[in-house]
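Note sheet for the following structure.
The values are calculated or read from the model by the stated rules, or taken from the named source; none is laboratory data. Quick caveat, the model's predicted, so the values are computed rather than measured. Cβ sites come from the backbone with ideal geometry, for glycine too, and all protein chains shown count toward neighbours.
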Amino acid sequence: MAPSNAALALLAWAFICAPASAASPRLVRWQPDSKLFYCDVPAGWTPFEEEDQAGSAVHLLGPDAPTGDFRAGIDIRWVEKGQPGFVPAKKLVEELRRDDKPTDRHSTPIHPMRVNSLLARTFEVQETRRLPPEGLPAVEEELHQYVAVIPSGESYFLVTLASSRETYLDYRQLFIDFLHSFKASYR
């Protein structure tokens, strides 16, 4: 027996009115002006693109941190072969994973991950930094980064989510979901 139109309408209304789960925030499809990629941005995060000496950089600023010390954010950078300062992806991964005793920097092993049809290298980095770096008073803050290097030929995207060590587990699934929504736009 097929459900009636009234039953279907009631079911649709219940679905629309159901509260969103805190574990899966509302996502908004977004593409920067450079049209290099598109992705789903979590609700409450602010995306913007800027040009600097290394090229185009996209930043997604997360909500204010409860402690106010460090605001989580995602940075996406397109690293193109032939541009000044280009470093091959393999060498960049080695540099980013290099331990540093003064900052207590260390990283996890590399894990492969499919980002659409591309095979990304992902890993995590933890380090201690003085924040703010250019002013006093400064506080030592343990920071955590989720890093993905997504190749596209010899060029690649460098995607990093940085947060305080206290809140990094809150962003693990968000970063994975973000990477699954990430899609390069080839011109």
Is it the case, given these coordinates, that Val87 is outside any loop (DSSP other than H, G, I, E, B), free of Cβ contacts under 8 Å to residues at least 60 places away in the same chain, within 18 Å of Gln145 (Cβ to Cβ) and hydrophobic (A, V, I, L, M, F, W, C)? no
Members of the stretch 35-57 found to be buried (at least 19 other Cβ atoms within 10 Å of the Cβ) and over 15 Å from Phe175 (Cβ atoms), listed by number: Leu36, Phe37
Tell me, which residue of the stretch 78-116 that is exposed (fewer than 15 other Cβ atoms within 10 Å of the Cβ) and among the hydroxyl-bearing types (Ser, Thr, Tyr) is farthest from Ile176 (Cα to Cα)? Thr103
Among the residues of the stretch 128-172 satisfying the criterion of being among the hydrophobic types (A, V, I, L, M, F, W, C) and at pLDDT below 90, which is surrounded by the fewest Cβ atoms within 10 Å (Cβ to Cβ)? Leu136
Being polar (S, T, N, Q) and either in contact with a helix residue (DSSP H, G or I) (Cβ under 9 Å, 6 or more places away or on another chain) or farther than 22 Å from Tyr38 by Cα (or both) is the filter here; which residues of the stretch 106-145 pass it? Ser107, Thr108, Asn116, Thr122, Gln126, Thr128, Gln145
Could you run through the stretch 69-84 and say how many residues are closer than 27 Å to Thr46 by Cα, in a loop (DSSP other than H, G, I, E, B) and out of contact with any helix residue (DSSP H, G or I) (no Cβ under 9 Å at 6 or more places or on another chain)? 4
